[in-house]
Amino acid sequence: MAQKLIAPSVLAADFANLQRDIEMVNNSEADWFHIDIMDGVFVPNISFGMPVLEAIKRHAKKTIDVHLMIVDPDRYINTFAKLGADILTVHYEACTHLHRTLQAIKAQGMKAGVALNPHTNVSLLEDVINDIDLVCIMSVNPGFGGQSFIERTYKKVADLRDIIDRNRANTLIEIDGGVSTANADKLVAAGADVLVAGSFVFKSDTPEKTIQELRSLANS
Ligand code: DX5
Ligand code: ZN
C-alpha cells in the first residue's frame with residue numbers, strides 16, 4: 001500500500017516567522033506544503049498571493065500543493081506554474097468548463113486537482129475522474145482555518161473511493177479542514193490518501209511531533 005501523506009497548511013503558520021515555520025516542515029516527516037490562495041470573492045476571506053508563495057518556494061524543499069479558492073482560476077494557471085506549484089487544485093464550483101481547466105493545468109506540467117465544497121456531491125466528478133490527479137474533499141466550508149470537521153466527510157470519502165476504483169483511476173483523495181488525530185485514522189480507513197492539517201499542526205507546542213503522530217496514525 002502506498003504511504004498516506006501529510007500536508008501541513010501554511011495558512012496557520014506564523015507569517016512573521018514564515019521561514020522558521022517552513023524549515024520546521026522541511027525538517028519534519030510532512031510530505032507536502034499545502035498553500036491556500038483565497039480571493040475574497042469565492043470565499044469570504046483573503047489569504048495571501050503570489051509574492052508570498054514566491055517567498056515560500058525559496059525555502060520549501062517539498063511538494064507544493066496549491067489550493068485555489070478563487071473565481072475563474074483559468075486566469076492564473078500559467079502564473080502558478082511559473083511560481084513552482086507541483087499540484088494546482090481548482091474548485092469544482094468555480095469552473096464552468098472543468099475538463100478544459102484540468103487539461104490546461106496539466107499542459108503547464110502540474111498535477112491537476114479538483115476541490116469540492118461540503119455541499120457538492122462526489123458523483124459530479126465521475127465523468128472526469130480519469131483526468132483528475134487529486135480530489136480535495138473539503139471537510140469544512142473553505143475560507144478559514146480552525147473550523148470543526150464535518151462528519152459527513154467519511155461517507156463522501158467512501159463514495160469517492162468507490163468511483164475511483166470502478167473507473168480504475170489513479171486519483172488521490174485529499175481531506176482539507178479540521179483534520180487531527182481524532183479523525184485521521186477513520187479518514188484513511190474510508191479511503192483518504194492525503195491529510196491537510198493547519199491549526200492542529202501549527203498551533204501545537206511541538207509541531208514536528210504532531211506531524212509525526214498524524215503520519216504514523218495515518219499509516220498504522
Ligand atoms: C480552509 C483551507 C484549509 C485550512 C485548514 O479554507 O482550505 O487548508 O488551512 O485549516 P485547519 O486544518 O485549521 O482546518
Ligand atoms: Zn486548503
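Laboratory data are not the source of any read-out in this text; all were calculated from the coordinates shown. These figures come from a predicted structure and were not determined experimentally. Glycine also receives a Cβ, built like all others from the backbone with ideal geometry; neighbour counts cover every protein chain displayed.
Here are the numbers:
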| quantity | calculated |
| --- | --- |
| Computed [θ] at 222 nm, deg cm²/dmol, the chain (DSSP H ≥ 4; -39,500 (n - 2.57); rounded to nearest 500) | -9500 deg cm²/dmol |
| Spacing of the two label points (7 Å from each Cα toward its C-beta) at LYS209 and PHE15, in nm | 3.0 nm |
| Local electrostatic count at THR96 - Lys and Arg +1, Asp and Glu -1, tallied over other residues with Cβ under 11 Å | -2 |
| Hydrodynamic radius of the chain per Kirkwood, over alpha carbon pairs, in Å | 17.1 Å |
| Cα shape, the stretch 28-157, gyration tensor, a/c 1.5 rule | rounded |
| Sequence-distant residues sharing a close amide H with THR63 (under 5 Å, placed H) | PHE33 |
| Length added when fully stretched, HIS99-ALA182, from 0.36 nm per residue minus Cα-Cα | 26.3 nm |
| Nearby lysines by direct alpha-carbon distance to LYS61 (threshold 17 angstrom, same-chain neighbours under 8 apart not counted) | LYS82 |
| Shape metrics for the stretch 18-96, restricted to C-alpha atoms - Rg then Dmax, Å | 12.8, 40 |
